[in-house]
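Visitor: Would you mind keeping the following structure in view while I ask a few things?
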Amino acid sequence: MTDRLIRLMRIITLVQAKPGILARELAERCGSSERTIYRDMDALSAMHIPITHLGHGKGYAFIGNFALYPLDFSEEEASAFSQLRGIMKEIKPLLPPDFEGAYEKILAAEYKHKTEREEKMESVKKENGLQRLDRGNTQAEQAPCLNEIITSVMKQRTIQADYYENATEEAGILIDPYCLIPLENRYHLIGFCHRFKTLRAFHISGFSSMAVLPRRFNRKTVDVPAFMESKWNLKQDSVQIEFKVRFSDRAIDWVMQEGIPVQPDRLDLEQGCLYFKVGAAEDVAAVSWIMEFAEEAEIVEPVYYRDWLKAQLDKWLQLYK
């Protein structure tokens, strides 16, 4: 048991030190088999450690926050220290036995510290209106199945998909999709899995194929916020989607007079843009409200909802040609 606990802690350190690390690399560094690593990942998931598999050949990374004691490296010091990794094999015979483990912990702590600094800078930019919420380059928006997922969530349609996670492939599983969850530029689908008759979280990059079925579903009586808190230790209110919507002059006047069903963050009258946030499970209602304005309102961000709406309009145009 002690050996396994040591290995689990080592896996956590290695994943933080090198996001995207493969199971094969973890097995080599931990002196175990890949099958053992998969079992360890299942154990970590059961303990609510927020490690996710990014997809076939993409390895493991953290979803949420994980803190080791932060260092105070300068950029030059961090760069110089990280270059040791390239020559570690050559100098390993000259180093004390425990040096490599200590080196990995230092890299993990510095990576976390750097991430926190970047998050604070982004937060300051948002508060001062300096950041454009351009997410066109994130992994989730590039996923080939994203449009199908949003369509199925919006229209409450069951999907049939092939899904890959932790070296396990599930073919043709049926999912009733409830909502799309953004977590640190990665997106997860929460839905009812017909195979296991329970609520599950699916990482978007794990879908290799998908089809939206004509079968409609009604959301079962399940506590999605409780599921999110148990899996990721996240309250539903802490997971929010940021919208930027550009209105025509006529529509913006109506919005200001009649009010809106969301709490606005900022209103830019010169650009006619409204900025607001909604909870992850409220995105469908927000998009439906925007669509009521037809050509008087334009979704600028998030990019994936904008692209989804463009795809819907193209379908309608083909229908009426």
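Visitor: For a Förster distance of 22 Å, can you work out the FRET efficiency between the beta-carbons of L5 and L174, rounded to the nearest 0.05? Could you put the intermediate results ahead of the total?
Guide: Details: r = 38 Å, r/R0 = 1.72.
Efficiency at R0 = 22 Å is approximately 0.05.
Visitor: With the crude spin-label approximation of a point 7 Å out along Cα→Cβ, what separation in nm comes out for E295 versus E25?
Guide: Placing both labels 7 Å beyond Cα along the Cβ direction yields 5.2 nm.
Visitor: Follow-up. Tell me the label-point distance for the pair K310, A285, using the 7 Å Cα-to-Cβ offset, in nm and rounded to one decimal.
Guide: Calculated label separation equals 2.9 nm.
Visitor: Evaluate the charge dipole of segment 149-229 about its Cα centre and quote only its size in Debye, nearest 20, assuming +1 on the Cβ of each Lys and Arg and -1 on the Cβ of each Asp and Glu. If you can, show how the numbers build up before the last one.
Guide: Details: 10 positive and 8 negative charges, 97 e Å.
With only Lys, Arg, Asp and Glu charged at Cβ, the dipole is about 460 debye.
Visitor: What length, rounded to one decimal in nm, is gained on full extension from R35 through to T198, with 0.36 nm per residue of separation minus their alpha-carbon distance? It would help to have the intermediate numbers written out before the result.
Guide: Values: separation 163, 0.36 × 163 = 58.68 nm, distance 2.55 nm.
Once the chain is fully extended between R35 and T198, it gains 56.1 nm.
Visitor: With each label point set 7 Å from Cα along the Cα-Cβ vector, what nm distance links R215 and A102?
Guide: In this crude label model, R215 to A102 measures out at 5.8 nm.
Visitor: Evaluate E = 1/(1 + (r/R0)^6) for L84 and A43, where r is the Cβ-Cβ distance and R0 equals 25 Å; express this FRET efficiency to the nearest 0.05.
Guide: The computed FRET efficiency comes out at 0.20.
Visitor: In this model, which of K58/K277; K155/K244; K58/K105; K58/K310; K18/K58 are farther than 19 Å apart at the alpha-carbon?
Guide: Working: K58/K277 31 Å; K155/K244 22 Å; K58/K105 22 Å; K58/K310 30 Å; K18/K58 12 Å.
Where the Cα-Cα span goes over 19 Å, the pairs concerned are K58/K277; K155/K244; K58/K105; K58/K310.
Visitor: Please give the contour-minus-distance gain from K277 to E229: 0.36 nm per residue of separation, less the Cα-Cα distance, rounded to one decimal in nm.
Guide: Details: separation 48, 0.36 × 48 = 17.28 nm, distance 1.98 nm.
So the chain would gain 15.3 nm between K277 and E229.
Readers should treat all values here as calculations from the given coordinates under stated rules, not as data from a laboratory. All of these numbers come straight from a predicted model, not from anything done at the bench. In this analysis, Cβ positions are derived from the backbone assuming ideal geometry, glycine residues included, and neighbour counts consider all displayed protein chains.
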